[in-house]
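The values are calculated or read from the model by the stated rules, or taken from the named source; none is laboratory data. Since the structure is predicted, the reported quantities are computational estimates derived from the model, not experimental observations. Cβ coordinates were reconstructed from backbone atoms using ideal geometry, including for glycine residues, and neighbour counts include every protein chain displayed. Areas reflect the complete protein model, heavy atoms only, side chains present, ligands, DNA and RNA absent. Shrake-Rupley method; radii C 1.70, N 1.55, O 1.52, S 1.80 Å.
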Amino acid sequence: MKAQANQIRPGWVIEHNNKQWFVTKINLIQPGKGGAFIQVEMRDVSNGIKTEERWRTADTVEKLMNEEHDCQYLYKEGKNLIFMNSENYDQFEIPEDLMGDSALYLQDNMPVTVNFIEGKPISVNLPPHVILTVAETEPAIKNQTATSSYKPAVLENGIKTTIPPFVSAGEKIVVATADNSYVERAK
């Protein structure tokens, strides 16, 4: 199905240069001089290599139809991640390289949505927030107020983020999977 470039959204799968690409990020750029264009960050479905492409807003791209299935992450086996389709209980694997850094957020039995093209899994949509434990951070300074100053921290899965000064190592926090940011303390 043809679509205008300015309609591209993250999560789409498009065909470009005889390859299938999964769109991860878009940025509409309107320079002071000349026409607007869209910059698209995308990942090759077959090998996971990322690239960026620019299109004028009037250009057209070929959008591929993909199916979404509710699935569950089960476990990691070597360099593959094992998932189960929640509708028919079929198990399948996705190479860890294809997921990139987002694979660090996967937890046993986590519900996810998996996109398929022609019966082949191409991407995994994580929940917007996950609960993780703070593994390392600087100790809190007494009488320090909760201002907008954040301190660096390393989470149990190895991801680096910034947290408020009142959060200490060993505490569970809610983290946004989209940008690794602190949301709140876990209840």
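Return the total of residues in segment 65-89 being assigned to a loop (DSSP other than H, G, I, E, B) and open to solvent by 70 Å² or more (accessible area, probe 1.4 Å).
5
Can you run down the residue pairs with Cβ atoms below 8 Å, 6 or more apart or on separate chains, where the first is in segment 84-95 and farther than 14 Å from ASP108 by Cα and modelled with pLDDT under 90 and the partner is open to solvent by less than 70 Å² (accessible area, probe 1.4 Å) and in a loop (DSSP other than H, G, I, E, B)? As it stands, the answer is PRO95/GLY48, since those pairs meet every condition given. Close Cβ contacts (under 7 Å, 6 or more residues apart or on different chains) running from residues in segment 55-81 that are among the acidic types (Asp, Glu) to residues that are in a strand (DSSP E or B) and open to solvent by 40 Å² or more (accessible area, probe 1.4 Å) comprise GLU62/LYS2; GLU62/GLU15; ASP70/PRO111.
Residues of segment 5-64 that are acidic (Asp, Glu) and either open to solvent by 70 Å² or more (accessible area, probe 1.4 Å) or assigned to a strand (DSSP E or B) (or both): GLU15, GLU41, ASP44, GLU52, GLU53, GLU62. Might you let me know whether segment 94-107 holds any residue that is in a strand (DSSP E or B), open to solvent by less than 40 Å² (accessible area, probe 1.4 Å) and touching a Cys at 6+ places or on another chain (Cβ under 7 Å)? No.
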